[in-house]
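Let me begin by presenting the structure, written as structure tokens, before commenting on it.
The values are calculated or read from the model by the stated rules, or taken from the named source; none is laboratory data. Since we're looking at a predicted model, the values are computed, not measured. Ideal geometry is used to build each Cβ from the backbone, glycine not excepted, and the neighbour counts take in all protein chains shown. Just so you know, the surface numbers come from the protein's heavy atoms only, side chains and all, with ligands and any DNA or RNA stripped out. Shrake-Rupley method; radii C 1.70, N 1.55, O 1.52, S 1.80 Å.
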Amino acid sequence: MSEVLLPVDAAEPAAEPAPAAAEAAEADAADATPPVSPFLALGLPETLTRTLTALGYETPTPIQTATIPPLLAGRDVIGQAQTGTGKTAAFALPMLASLQPRSSMPQALILAPTRELALQVAEAVEQYAKNLPGVRVLAVYGGTGYGEQLRELARGPQIIVGTPGRVLDHMSRGTLNLSALRLLVLDEADEMLRMGFIDDVEAVLKAAPAERQIALFSATMPPPIRRLAQSYLRQPQEITLAGRTTTAPTIRARGWVTGGGLDKFDALMRLLEGEPFEAMLVFVRTRIAADELVGALGDRGFKAAALHGDVHQRDRERVVEALRDGRVPVVVATDVAARGLDVDRITHVVNFDLPTDIESYVHRIGRTGRAGRSGEAILFATPRERSMLNVIERGTRTLIERLVLPSADVINAARIARFQERVAQVVAAAPPNLKVFREQVAALAQDGNLDIAEIAAALAVLVHGDSPMLLPPDRAPPPPSDAFPPPRARTRDADADIERAPARPERVERPADRTERAPKPAQGALQLWRIEVGFRHGVEPRNIIGALANEAGIPSRYIGRLEIRDFYSLIELPRDLPAHVAEAMKRTWVAKRQLRGTHWDPDAPIRGPVEAASDTPPENRPPKRRKMY
Ligand code: AMP
């Protein structure tokens, strides 16, 4: 296999262009009309690059740069990439570039581990195909009837996105004909392995025509996936987003995973209101996202400006000046536009959208901690993007601490204090209008027989508008997400810090309703399992115990300790659990999530869920699964 290792700068400051040069280059890019899409250079047709421009994409991500040309050239590809790197477009764009819309036979098949991912990928492909008339994309997955899927299959979609079990079912029923298939994509291959789909995936590979191209994407490369690649891919180009780099030791990194009823925008608002900062640079992926975020912040009364490829050079200079002198405290930028930005006042860099690779992360956070100052790097991630945080931790050899957002109580106290302060300031300043209004208020109170406090409150509503002044109480204590270890001292040996030691389930003091102790058999007879449902999914002990009894046939008296954590739970089950019972347990659904149990090894280093699972030794892997849904 030939391999492309995408380089990552070892020393960020040297690799960075001088700010003036960067700004000049930016000026050229911004002022040239129409701008030439860098996606064209990868060999993509203009119909597609126009769509990307309309989506606000400025540059290809590293996985796209490395993957698109070989795929366009018809080569097989192995891409080691996580969610969040832009891998969907990396395979979808070349797929669309070579599609024959006039044919109504399936020409491309994407296998994905879950219904959720299949739908998400289908939606992304449809979005990229927006300007390609006649292209039809269909998602097929289990857990739902066949009727609608059969009707859609009969309409002749050229691109199928499906979970392996349902794809095989359609193939064996004769409702999915792969004889014209030209491209097969395995998306999140390690996850399909983890979920026990590997035999189904192999069956699909075997049934595909001999002359087909394969693209395999996987966050990790456990041996079974490597074996699959060796057996079915032909001289694949292998792409690894590799490299290690260092970030300034004066920059502290903290991360937060969405949950607890808060999305990324809520979290940003809480930071803006509750975290002291001088100037904040917020990174998003697209121009459109930058404009939208600036608009949304403006609606909430926050002064913010956008910096992206569509902003003209003169306006950019104004934005940078306003950031520098404090007139605009928040700038929302894309990677391209913020390159080389040198403003000492930036105390916080917020990765509102995660960077697609280590290099852009290093460039982003290098905008703070300048001139010997300290800086704060903050990362927001969705649960699906969590493994990207581990990649960044390892790639930068720094620890990403857990960010605890200011609670609703803290924000509300700050809002009340600010309100009181503003009113007191006006009273103290005694502007000419104050006297006039005081007379009016006194007259209104007398004539209308109204309480002064009531009138003052009505005036405040006139000023503030209808939006609530105070946040509702937090649903849960804000977001100790379990993606992060508790803050701890950094050591010189950063690696030792990352490969964190024993993750024994804490005997935590949780609210009583979140843990439950069932009568236990002898301690030695129990084994600890991790199941993929947690407090954030709204699960309660009785849901898990009940489902295990009813669906998997494990009576509660055989269940030991149950500990519900934020995004998963730990449960003790009999060590000699029969294989078919273990299988049934893994397939059990609780709170709309499949338990997908895996043995919990308290001595293993903490890793992202995907990696940890893919390292499962073969003997622990679930046996062949025919039908999951
Ligand atoms: P993925 O890793 O495929 O799940 O993509 C993650 C996110 O990045 C999606 O929201 C995409 O729309 C977005 N994205 C993909 N490629 C680019 C790009 N070149 N520029 C900006 N955003 C992108």
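A few notes on this one:
- Two-decimal ratio, region 409-464, of alpha-carbon radius of gyration to 2.2 N^0.38 Å: 1.29
- Gained length - A322 relative to A579, 0.36 nm times residue gap less alpha-carbon distance: 86.1 nm
- Here the spin labels are modelled as points 7 Å beyond Cα on the Cα-Cβ line, and at T250 and Q446 they lie 6.3 nm apart.
- Across all C-alpha atoms in region 251-407, the radius of gyration and Dmax reach 14.4, 42 Å.
- Note that region 251-407 presents 33 Å² accessible area per residue, ligands and nucleic acids not counted, probe 1.4 Å.
- Put a plus charge on the Cβ of each Lys and Arg, a minus charge on the Cβ of each Asp and Glu, and nothing anywhere else: the dipole of region 29-111 about its Cα centre is then about 240 debye.
- You can think of it this way: the chain between A525 and A413 has 35.2 nm of extra reach, that is 0.36 nm per residue less the Cα-Cα gap.
- Percent accessible area from carbon and sulfur atoms, region 109-212, protein chains only, probe 1.4 Å: 48 percent
- For region 2-242, the calculated P(r) over all alpha carbon pairs, in 10 Å bins from 0 to the bin holding the longest distance, is 7, 31, 34, 18, 7, 2, 0 percent.
- Span from the region 52-128 Cα centroid across to the region 306-322 one, whole angstrom: 32 Å
- Rel. contact order, % - alpha carbon contacts under 8 angstrom, at least six apart, region 251-407: 36 percent
- Taking only protein heavy atoms and a 1.4 Å probe, the accessible area of region 251-407 is 47% carbon and sulfur.
- Taking 0.36 nm per residue of separation and subtracting the Cα-Cα distance, full extension of the segment from D266 to D299 would add 10.5 nm.
- Counting only protein heavy atoms and a 1.4 Å probe, region 2-242 has 39 square angstrom of accessible area per residue.
- Each Cα pair under 8 Å and six or more residues apart adds its sequence gap; the mean of these over the residue count of region 2-242 is a relative contact order of 28 percent.
- Label-point gap, in nm, between V463 and S98 - each point 7 angstrom along Cα→Cβ: 6.5 nm
- Proportion of all alpha-carbon pairs of region 72-190 beyond 26 Å (%): 13 percent
- For region 409-464, the share of accessible area belonging to carbon and sulfur comes to 63 percent (1.4 Å probe, ligands and nucleic acids excluded).
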